[in-house]
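Trainee: There's a structure below that I have some questions on.
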Amino acid sequence: MKNPLHSISRTSFLALAFMLLLPACQSEETVDDSGEKKVIVFAEFMHEVNTFSPVITTERDFRADHLFYGEHARESGVNEKKQLAGFLKAVDKIGKGNIETIPLVHAKSMSGGPVDSVFYQHIKTSILEGIAAQPRVDGIYLSLHGAMGVQGMFDPEGDIIESVRNLVGPNVPIAVSFDLHANVTRRRAEFADIIVGYRTNPHRDHSKTGYRSGDLLIRTMLGEIEPVMVMNKMRLLKGGGMNIDLIPPFRKIFRTMKKMERDDEVVSVSFFPVHLWIDDPELGYTTIAIADGKRELAQQKADEIAEMAWAVRDVPQP
């Protein structure tokens, strides 16, 4: 009888062999030498402040929107279909079941006055204790607004990022996503490895932003990229009408950012034109660029976007 393998061409046979071997090759990338899954711990804590409002944002306000812990935080994030959902989609696609994710908290409220300081400390402690309780942590993802305000303090998001860094040490990558209206501080850039932001206003890319964060975090964990992040802080403020991505003058800026990332060595470019109702000594526009191991390239891209924003500073509001 004719051997059925004789009817398979050499090309088809090699293709079949490759398909059979591919799953094993992929799974090895996201496990360590002991065969254990890599672990990412994640949390979301979002609030956009009007510093000048006398009405304090309390735990009740968060409960009216989103306030969930543990696995309930994962379920809530998936159902909301925003940053956490996008992040988890990236983990599923890239990790292929070989990266474990540990949800800590999903806390979110409507914009308003400063957050009650006791509640802020409660959420911060929940995040830190949740991380400390894990036997291993290979990466951290924090979904933050970037324009949060808290009673009696400046830069609460910087406080959270620095506290997480002090807990996990210098070798665990931390990825952070921010709203386009974030007031990014030098403190945040110092203690995070990856910062990415929305690219739309009105905001339409929540899930994509979470996905980009997860993608860059996992590639960093696997050693595929070495993120070098540069921040350019500007002494510049304009009203909200300037920030719309669909019309001039900022349309060109956001399109240029996407074009920059066509270069494989430019892994992310973000622009944060902030908002006006924050009382902070570092208030102002921010540009951030991340390159794969090349600081000068990241600096060049961050400067280019900053120069574009500065060039249109006198353009009237749309």
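Trainee: So which residues in segment 263-283 are of a type outside the set (D, E, K, R), within 20 Å of the chain's Cα centre (by Cα) and either more than 17 Å from F178 (Cβ to Cβ) or not in a strand (DSSP E or B) (or both), if there are any at all?
Mentor: Matches in segment 263-283: V266, P273, V274, H275.
Trainee: Can you pull out every residue in segment 134-154 that is crowded, with 22+ Cβ neighbours inside 10 Å and either on the phi > 0 side of the Ramachandran plot or among the polar types (S, T, N, Q) (or both)?
Mentor: Of everything in segment 134-154, those that are crowded, with 22+ Cβ neighbours inside 10 Å and either on the phi > 0 side of the Ramachandran plot or among the polar types (S, T, N, Q) (or both) turn out to be S143, G146.
Listed here are the residues, each with its yes/no results for (1) under 23 Å from L283 (Cα atoms); (2) buried (at least 16 other Cβ atoms within 10 Å of the Cβ); (3) more than 20 Å from the chain's Cα centre (by Cα).
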residue	(1), (2), (3)
P227	no, yes, no
V230	yes, yes, no
R235	yes, no, yes
L246	no, no, yes
K252	no, no, yes
M257	yes, yes, no
E261	no, yes, no
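Trainee: Looking at I131, I123, which one is farther than 23 Å from T220 by Cβ, surrounded by fewer than 24 Cβ atoms within 10 Å (Cβ to Cβ) and touching a residue at least 60 places away in the same chain (Cβ under 8 Å)?
Mentor: I123
Trainee: Can you confirm whether segment 49-66 contains a residue that is on the phi < 0 side of the Ramachandran plot, at pLDDT below 90 and among the hydrophobic types (A, V, I, L, M, F, W, C)?
Mentor: No: zero hits.
Trainee: Collect the residues in segment 192-222 that are in a loop (DSSP other than H, G, I, E, B), farther than 27 Å from Q317 by Cβ and either modelled with pLDDT of 95 or more or of a type in the set (F, W, Y) (or both), keeping them in residue-number order.
Mentor: Answer for segment 192-222, where residues must be in a loop (DSSP other than H, G, I, E, B), farther than 27 Å from Q317 by Cβ and either modelled with pLDDT of 95 or more or of a type in the set (F, W, Y) (or both): A192, D193.
The values are calculated or read from the model by the stated rules, or taken from the named source; none is laboratory data. Source: prediction; values computed, not measured. Backbone-built Cβ (ideal geometry, glycine too); neighbour counts: all protein chains shown.
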